[in-house]
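Here is the structure we will look at, set down as structure tokens.
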Amino acid sequence: DEVPPAAHAMRVASARPRTFGARKAARGWCRRWSRQASEHDLSTRVVNVDLDAFPDTNFFRVDAIVRPWRLPYVIDALDDEGIRGLTVTDVRGAGVQGAFRERWKGTEFGQHQLVEKARIEIVTNRSQVDIVVNTIVTAAYTGEFGDGKIFVQPVADVVRVRTAERGAVAEKMLGGREDHVKPAQKRLGEITVDYEYENNTF
């Protein structure tokens, strides 16, 4: 299998002499290589979630397992996209890729060792699944083994406890993505009308 550039850099660096100067140079080299790989990968990756198996399902739950230290970045990125409703839990799990070991807090974790992760659960409507998934993929990405996984599952219905509302009304969050997008569309429409009036193109 092809080895990601950042992982290859770590492997090569680990074989270098273990003097202080060599270690310092290796760390800088790995950071530069990892940053370059990350910028290249993120510029070409767009996830399109296949929901064709559930044509009549309106709601989906996105479960994301990510590194704990990436969690604040993911939450901020979701908030910027207007995704406000989510649940976060601290979990532990194992998911080694082949013979590669994951590193966390200075410790290497093998196949049967549990490592700390953060789990994010988001229930969203069908039209926003790709937005949620791509936001998490971008914000949680480091390019190293152990970045996590995302699972997308169908949800039968949504019920708001306070009002007993169901469906889209219950799923919608005040100040959420729809409230962000609609004012922007309204402003864009006003600008278009003004432009057409001024240029007599209406």
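Laboratory data are not the source of any read-out in this text; all were calculated from the coordinates shown. Keep in mind that what you see is a predicted model, and the values were worked out from it rather than measured. Heads up, the Cβs are rebuilt from the backbone with ideal geometry, glycines too, and the neighbour counts pull from every protein chain shown.
In this rough spin-label picture, where each label sits 7 Å from Cα along the Cβ direction, the residue 94-residue 153 distance is 2.2 nm. Using 0.36 nm per residue and subtracting the Cα-Cα separation, the extra length available between residue 63 and residue 161 on full extension is 33.1 nm. Each of residue 76 and residue 138 was given a label point 7 Å from its Cα along the Cα-to-Cβ line. The distance between the two points is 1.4 nm.
Extension gain, residue 119-residue 131: 0.36 nm per intervening residue step, less the Cα-Cα distance, totals 2.5 nm.
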